[in-house]
1. If you look at just the Cα atoms of region 143-199, how large are its Rg and its Dmax in Å?
2. Which Cα, out of VAL256, THR269, LEU237, lies furthest along the positive dipole direction of the chain (beta carbon charges, K/R +1, D/E -1)?
3. Taking N as the number of residues in region 228-278, what value does Rg over Cα atoms divided by 2.2 N^0.38 Å take?
4. Taking the Cα atoms only, what angle lies between the long axis of helix 104-113 and the longest principal axis of the chain, rounded to 10 degrees?
5. At 0.36 nm per residue, minus the direct Cα-Cα distance, what do LYS28 and LYS191 gain on full extension? Give it in nm, one decimal, please.
6. For region 1-42 and region 173-221, what is the separation of their C-alpha centers, rounded to whole Å?
7. If I take R0 = 25 Å and measure r between the Cβ atoms of SER105 and GLU199 in this structure, what FRET efficiency does the formula 1/(1 + (r/R0)^6) give, to the nearest 0.05?
8. What are the radius of gyration and Dmax of the chain, computed over its Cα atoms and given in Å?
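What follows draws every value from the coordinates through simple rules; no lab data is involved. None of these values were measured; they are calculated from a predicted model. When we count neighbours, we look across all protein chains shown, and the Cβ atoms used for this are built from the backbone with ideal geometry, even at glycine.
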Amino acid sequence: MARSFVQITDLSVDEVWEVFDLCEKMKKGEIAPKPFAGKSVGCIFHKASLRTRISFEVGIHQLGGQSLYITEKEISLGVRESINDAAKVLSRYLATIMIRTFSHSDVEELAEHADVPVINGLTDLVHPCQILGDYFTLLEHRGRRDDFKIAYLGDGNNITNSWLNLASLIPMKFWIGTAAETGPDETILKKAKSARVSEIMLTNDPKEAVAEADVIYTDVWASMGQKDKAEEKTRLLKQYQVNDALLKLAKPDCLVMHCLPAERGREITDEVMDGPHSVVFDEAENRLHIQKAIMDFAMNR
Ligand code: CP
Ligand code: NVA
């Protein structure tokens, strides 16, 4: 079976560090020229994207391959034909399939039946490429360590779930500040806790979450596909806004992260997003390199 990347926990901890090493090489240009020459990567998008789409397409081009942008209109995955059949057919043309969609189980099914690696570019459940890129960004800024306190404030969503997956492999203090109604996925939370690798804490008190944090991370309060819940989420989450008052409680050199796109003035203020602690555009830049590393890793297993 091909080596897919559907969740961070598809990798071992050693493999995660291997991907970070490869990412560093990709960023420095220390790799053989055009390793994807003659190869095509299908990029399936059922949701909007700036960073993921452009970084995959540019990354594939930089590695000498061809990228194909495929939307619901072309393939109607699981509707026009079964996911199983589509997986088999796509595997006859492509070296790798990247997919961004709603249902996580669709991606699992695609990976199960494809003969080439399937890379998850975001589902409602997780966003694994993002969090590997973000941890790489943290290492670049703070050096290779595995004892950071990461405070995640806001909606317990695909980003939170992916942090939990990473915390089940790499030791950290992962504190989630969120409302009782907006917690992360229960199964992923339970698994991350039972891995006993990291200290994982949930609190309704944003001040407690950010105290002495090395990183404050936030994301939109209403994810794609949930925009109808925006008002309700705003009501529940307004005390978790990342602002100067909360930032003062973290470590003096605390980094502020956001996967983007941001809804400025909601989950994060302009002052913080544009301030000296923010590394949000470094995170966006590193998506390019981490994606190249993940594809190269998956194709060569
Ligand atoms: N962070 C991220 O995945 O951005 P896009 O939704 O624009 O791809
Ligand atoms: N949680 C957000 C992340 C976007 C990159 C969403 O799913 O819309």
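1. 10.8, 36
2. Working it through, the farthest residue towards the positive pole turns out to be VAL256.
3. Cα Rg divided by the expected 2.2 N^0.38 Å: 1.18.
4. 30 degrees
5. Residue separation times 0.36 nm, minus the Cα-Cα distance, leaves 55.1 nm.
6. First find each Cα centre; the distance between them is then 28 Å.
7. About 0.25, to the nearest 0.05.
8. So, for the chain, Rg and Dmax equal 18.7, 55 Å respectively.
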